[in-house]
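The values are calculated or read from the model by the stated rules, or taken from the named source; none is laboratory data. All values reported here derive from a predicted model rather than from experimental measurement. So basically every Cβ, Gly included, is an ideal-geometry build from the backbone, and we count neighbours across all protein chains shown. Side chains included, ligands, DNA and RNA excluded: accessible areas come from the protein's heavy atoms. Shrake-Rupley method; radii C 1.70, N 1.55, O 1.52, S 1.80 Å.
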Amino acid sequence: MEQELEIAHQIQQSFLPKTFPQVPGIEIAAGMWPAREVGGDFYDVIPLSGGRVGMLVADVSDKGVPAALYMSLARTLLRAHSLSARPRYLSDALESAQVRRLMHTGSLGALAALGSVQLTNDYLIDNHSETSMFLTLFYAVYDPQSRLLTYVNAGHNPPFLLNALTGTEDWLRPTDMAIGLMPGRAYEAQERQLSPGDTLVLYTDGVTEAHNIHHEMFEEERLVETIRAHSAASAKELMETIKAEVITFESGVPQSDDITLLVWKLEVGS
Amino acid sequence: MEITVSYEFGLAPVTVFCLKGALDSTSYQQLQTQAEQAHTAGTRNLVLDLTEVTYISSAGLRALQHVFNLLRTSAPSESNAAMAQGLRDGTFKSPHLKLLNPSPAVLEVLKTAGFDMFLEIHHDLSEYRIKNAVATF
């Protein structure tokens, strides 16, 4: 069994990209550290048409083997729907006022990829709702031409956005419920104009709900303080610093949930 | 986690679970099992009194989804199509599962994942809170 779990661990890690598409002016770092051999968190960075790049972080509502199975299903559906032609979604979407509004900004390509969230929800509801499992997800498509970020936040912890030049800060809050819960959700996208110097940190609750021996939680506050204090660091350095801060905070309490981080930085001179 | 069960009668019979403690990976199965037992014994409507719940994790949310599915019936008003339309119109909430008095921290977790979109959440700290919640079924 132990050996099988080790193999499962290796297969799961192989789902997670270790190298990322080269996007001019962008630094990307991402990592997932499961609490057990396998976990329910995942991230992905997906090269899309027109030089766009999709980035996502997701958290399945369980741990261990059941979560890993659900994760591999959801991850595959999201990636396949993101990369394939989507005649059904697009024909539905073209009818919607949302697309008529967003088409003026040229985000149709982003919407096509984000349509994978709706399609994945439909599939999970139609085929797997008896498991009562679901996942929260933040999925964004970045267009390097316009620096426009088009995103869906399906019930996920809000990513934190900090600009190192202006000091402005914001949270990209949920736009709809978690996926796998309810039928027929449209998962309409939101847009955010990014600027040089922006750092966007995606994470799962394994970061903010990590706890120490006194049953205190890491919380958003410590995450934000860490990001502020290291806003000049590279994406990889920032990710490793946050991970190290969480481990230090737990100080010997075993990690109880999967930890996932994805850091996306627009270089200051980009 | 401590779960105290009581049976109330409004327009319909309603079972009330008073939960005490953290609803997380250490306790979610207890809630699911207790709800399954109540369902087998005839419970069709359930109020979860969360007044004394200190914390809810994603495992706790999964238990709520499990109980929601357990109590869902094959009535036309609970079909996938009817729920999807009702959610779009803002008119659908589970007719069988309702939540009472989540703390601000618990409410934040419920709202982030979107559970407030399909579960009624009552805020009532009066001594009549159970009676008032039961009367809404």
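Please list the helices of chain A that count as membrane-span-like by this rule: a mean Kyte-Doolittle hydropathy of at least 0.0 together with Cα atoms stretching 27 Å or more along the helix axis, each helix being a complete DSSP H run.
Counting only whole DSSP H runs, the qualifying helices are A:64-83, A:108-128.
For residue A:255 and residue A:224, compute 0.36 nm times the residue count separating them, minus their Cα-Cα distance, and round to one decimal in nm.
9.1 nm
Considering amide H positions built from the backbone, and no H for Pro or chain starts, which residues 5 or more places from residue B:52, or on another chain, come under 5 Å of its amide H?
Hits under the 5 Å cutoff: B:19.
Could you give the size of the charge dipole of the protein assembly as shown about its Cα centre, using +1 on the Cβ of each K and R and -1 on the Cβ of each D and E, expressed in debye and rounded to the nearest 20?
1140 debye
So how much slack lies between residue A:127 and residue A:192, counting 0.36 nm per residue of separation and subtracting their Cα-Cα distance, in nm?
Extra length available between residue A:127 and residue A:192 comes to 20.0 nm.
How much FRET efficiency would the formula 1/(1 + (r/R0)^6) give for residue A:33 and residue A:267, where r is the Cβ-Cβ distance and R0 is 22 Å, rounded to 0.05?
0.25
Let's test the formula: R0 of 35 Å, r as the Cβ-Cβ distance of residue B:81 and residue B:123. What FRET efficiency results, to the nearest 0.05?
E(calc), rounded to 0.05, equals 0.65.
Once phi is turned into ³J(HN,Hα) by the Karplus curve 6.51 cos²θ - 1.76 cosθ + 1.60 with θ = phi - 60°, what whole-Hz value does each residue of the range B:61-72 show in order, with x for glycine and proline?
The phi angles translate into 5, 5, 4, 4, 5, 4, 5, 4, 5, 4, 8, 5 Hz.
Whole number in Å², please: accessible area per residue of chain B, 1.4 Å probe, ligands, DNA and RNA not counted.
Accessible area per residue: 47 Å².
Tell me, what is the Rg over Rh of the range A:209-270, with Rh the Kirkwood radius over Cα pairs?
Expressed as Rg/Rh, it is 1.02.
Would you work out which of B:87, B:12, B:102 lies farthest towards the positive end of the dipole of the range B:2-136? Charges go on Cβ: Lys and Arg +1, Asp and Glu -1.
B:87
If amide H atoms are built 1.01 Å from N in the plane of the peptide, which residues on other chains or at least 5 residues away come under 5 Å of the amide H of residue B:45?
B:15
Please compute the modelled spin-label separation between residue A:237 and residue A:84, points set 7 Å along Cα→Cβ, answer in nm with one decimal.
According to this spin-label approximation, the distance is 4.3 nm.
Within 10 Å of each Cβ in A:175-185, how many Cβ atoms from other chains are there, averaged over the peptide?
Across the residues of A:175-185, the mean count of other-chain Cβ atoms within 10 Å is 6.
Mind giving me the nanometre distance, one decimal, between the label points for residue B:69 and residue B:12, set 7 Å out from Cα along Cα→Cβ?
The modelled label-to-label distance comes out at 2.1 nm.
For a quick check, take a GNM of chain A with Cα springs below 10 Å and name the residue from A:121, A:153, A:212 with the largest mean-square fluctuation.
So, out of A:121, A:153, A:212, the one fluctuating most is A:212.
Across the range A:161-173, in residue order, what do the Karplus-derived ³J(HN,Hα) couplings come to in whole Hz, using 6.51 cos²θ - 1.76 cosθ + 1.60 with θ = phi - 60° and x for Gly and Pro?
Running phi through 6.51 cos²θ - 1.76 cosθ + 1.60 with θ = phi - 60° gives 10, 10, 9, 5, 7, 9, x, 5, 9, 7, 10, 9, 6 Hz.
Give me the base-10 log of I(q)/I(0) for the protein assembly as shown at each q in 0.08, 0.12, 0.13 Å⁻¹, Debye formula, one uniform scatterer per Cα, rounded to two decimals.
With one equal scatterer per Cα and no solvent, log10 I(q)/I(0) is -0.44, -0.98, -1.14.
Calculate what fraction, in whole %, of the accessible area of the range B:2-136 sits on carbon and sulfur atoms when a 1.4 Å probe is rolled over the protein chains.
Answer for the range B:2-136 is 54 percent, counting heavy atoms of protein chains only.
Mind checking the mean number of beta-carbon atoms from other chains within 10 Å of the Cβ atoms in B:113-119?
Taking the mean over all residues of the peptide, I get 6.
For residue A:166 and residue A:22, what is the calculated FRET efficiency with R₀ set at 35 Å and r taken between the beta-carbons, to the nearest 0.05?
0.85
Based on alpha-carbon positions alone, could you give the equivalent ellipsoid semi-axes of the range B:2-136 from the gyration tensor, as √(5λ), descending, whole Å?
Working through the eigenvalues yields semi-axes of 21, 18, 16 Å.
Quote the total accessible area buried by chains B and A together, excluding ligands, DNA and RNA, probe 1.4 Å, nearest 100 Å².
Between B and A, the summed buried area is about 1900 Å².
Which value in nm describes the separation of the simple spin-label points at residue A:1 and residue A:65, placed 7 Å from the Cα toward the beta carbon?
0.7 nm
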